[in-house]
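Here the structure comes first, spelled out in structure tokens, and everything after it is commentary.
The values are calculated or read from the model by the stated rules, or taken from the named source; none is laboratory data. Keep in mind the model is a prediction, meaning the values are calculated, not measured. Cβ placement follows ideal geometry from the backbone for every residue including glycine, while neighbour counts extend to all protein chains displayed.
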Amino acid sequence: MFVVAVSIAGVVLAQVPVSAAVSGGPCSKLGAKAKSGAAALVCVKSGGRLVWRRANTSGAAGKVPSVPSSATWQWDHARSAWTPTGAPPKCTDPIIPAGGLLDFGSAVSILQPGQSRGGSFKPHGGVRWSNYGEYVSGVRITVPFDGVVTKAWHYTTGGTYQFGVDIVNPCGFMVRLGHLRTPSPAFSTILATLGSAAPDDSRETLLNPPVTVKAGAVIATEVGNPDPSNPDFLGSYIDFGLLDLRSPNTPPGASSATNAANEYSLFSVCWYEAEYLAAADRMIAAALPFSGGDPSSAYCRRR
């Protein structure tokens, strides 16, 4: 079971005796912290029970980051469904305000969400700011709504640093972003808890506890890959997926369950249709050409 726990305000947590805390062993209070030797542990929900897991620690300071840790609501994923354990707030309309995530006006093309690329199904789409063989500097990505960072990942490819994050709005939407390159100081602090970025290792790390972020905070100031040695990877681009955790797609794409995690594929949406984006951004995005010319999508109407 994958748990997203969100806190609106931090609380002081009682420390658990060292003898009672063993990584993988049972614990009694979600979010509780403990020490086992030099390791910092946090109590998380896994497979329907509470267990101790190693907490993410900052390599610079060697301490658990100071982030909210008292769960006031949470979204659980199990058996192909996301379920809130409390009463989530009402979603705003649109969920991403004008300019709240990125500048669609300077983009040159988009990738359709919900299509097969590179031999596998990709629930997320993408946005490009450069044409083939070019790189555009200064693309800025910001947090689109108040919420929490629940997952993060980073790696290097051909010597270029790349990172990605999942950000969840308490009302039940998730934004997934990838191919970000230069993190802001705040997101550098989050990424520092993951350890060193390894070559081509883009595995995700669940943040326990998740990190609260505010709308408008800068996530990245550069995106994509500026290395000209490989034109196929050169460019200014991001992966962008939007998920509505409140209900699955109707009907989901036939291929979406074959090689993509159901927690993403069955809840991703066509972010430039409906009213997820502000009207001005939606009109711009819908008029952009497709990167690579592929219009196929399990989520979007064909244009």
What tally of residues in region 192-211 results from selecting those that are closer than 13 Å to THR150 by Cα and within 13 Å of the chain's Cα centre (by Cα)? 6
Residue list for region 197-215, filter: in contact with a Pro (Cβ under 9 Å, 6 or more places away or on another chain) and at pLDDT 95 or above: ALA215
Scanning region 191-213 for residues that are under 19 Å from MET174 (Cβ atoms) and either among the polar types (S, T, N, Q) or not assigned by TED's automatic domain parsing to the domain that holds VAL149 (or both) gives SER202, THR205, ASN208, THR212
